[in-house]
Amino acid sequence: MKIKLTLMAVALASLSGAAVAIDFGKMLEDRIKEELNKDKQTQPAPEAAPDAATPPQSKQKVDLRQLGQTLLTGYSLEEENRIGRQISGNLLGAVPLVRDNKLQNYVNLVGNWVALQSGRQEVTWHFGVLDTEAINAFAAPGGYIFVTKGLYRLLNTEAELAGVLGHEIAHVTQKHHLKVLKQSSLIGALGQAASSKAKGSDQVVQNLIGNGAEIMARGLDKNAEHEADRVGMVYAARAGYDPWGLPSVLQDMAALPAGDNRTSLLYKTHPHPADRLAALGEAVDGRLDAVRGKELADRFYRIR
């Protein structure tokens, strides 16, 4: 079903206010903040000044060649995968996956088919549904994509699922999180993480992921989110789905009451759905009207 700009305007006019947290959403939010503050909590007490006769300790060595290469070309696939695994592990440490193998297999089938349209054949994609009623979705570098059970329950067709997953896949293909990490003050840790000395340890990666936790806590900027919406629609359309699946989901989210506590973390990590609808309406502007994709409502897997 195509979403007309008039419907977008109605959604824009009907929304205001903030949301409050619930138990599982609060648990996820608290865990992200815990990861963000972990380094501050574990800082050792300052040592006494060294004796004048004792030579000062050398600074931690950084692989400058690798660091320079990263600044020029970005993270390698191995580095991207290690960062993504660490972020995903932190996230799953807060909220587990839904215990429904059919659901998880179904989401992985749809997600991998949409991801196949992205052109990043070298990425091994992983998709999962988190066991929380909070409404949100997350992407981590290296192809780790998570949708919450609360968001999944809002979906009505496979095309809508493809649109949501397409948005998160676009965050990975456009390397939105990696670009933020690359600009961070912890970029020096990358050279150490990529050096042969650090190959067997994830501690340096975890230090870098301190900034990853910050990204998850505050979200990406609105330009990255709007780009992921546009690119995600294209991926879904290439996969043969109705490209209007994502706008349909955004419209449903925009219609939720302003005080719905399931959207507390969503509004901290994403622009308001009404803003995203408006940006999509302006960007698409009828360009996808001729696309005839499938909605596949009958094939959509319903959570028990």
Exercise. Which whole-Hz ³J(HN,Hα) couplings does segment 227-244 yield from phi under the Karplus relation 6.51 cos²θ - 1.76 cosθ + 1.60, θ = phi - 60°, glycine and proline marked x?
Worked result: 5, 5, 4, 5, 5, x, 4, 5, 4, 4, 5, 4, 7, x, 8, 4, x, 8
For this session: Can you send over the solvent-accessible area of residue 230, 1.4 Å probe, protein chains only, in Å² to the nearest 10?
Result: 110 Å²
Seminar exercise, completed: Sorted by chain and number, the residues with a modelled amide H under 5 Å from that of residue 97, at a separation of 5 or more or across chains, are 131
For this session: Starting at the first residue of segment 104-112, write each ³J(HN,Hα) from the Karplus equation 6.51 cos²θ - 1.76 cosθ + 1.60 with θ = phi - 60°, in whole Hz, x for Gly and Pro.
Result: 5, 5, 4, 5, 5, 5, 5, x, 5
Exercise. Each residue of segment 153-163 in turn: what ³J(HN,Hα) in whole Hz from Karplus with 6.51, -1.76, 1.60 and θ = phi - 60°, glycine and Pro shown as x?
Worked result: 5, 6, 7, 10, 9, 5, 5, 5, 4, 4, x
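Using a cut-off of 15 Å between beta-carbons, work out the net charge of the residues near residue 174 (Lys and Arg +1, Asp and Glu -1, residue 174 not included).
With Lys, Arg at +1 and Asp, Glu at -1, the neighbours total 0.
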Seminar exercise, completed: Taking max minus min of the Cα coordinates of segment 216-302 on each principal axis, largest first, gives extents in Å of 35, 31, 22
Seminar exercise, completed: Summed over the other residues with a beta carbon less than 10 angstrom from that of residue 226, with K and R at +1 and D and E at -1, the charge totals -3
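The values are calculated or read from the model by the stated rules, or taken from the named source; none is laboratory data. Keep in mind that what you see is a predicted model, and the values were worked out from it rather than measured. Positions of Cβ are backbone-derived with ideal geometry, glycine not excepted, and every protein chain shown enters the neighbour counts. SASA here: full protein model, heavy atoms, side chains in, ligands and nucleic acids out. Shrake-Rupley method; radii C 1.70, N 1.55, O 1.52, S 1.80 Å.
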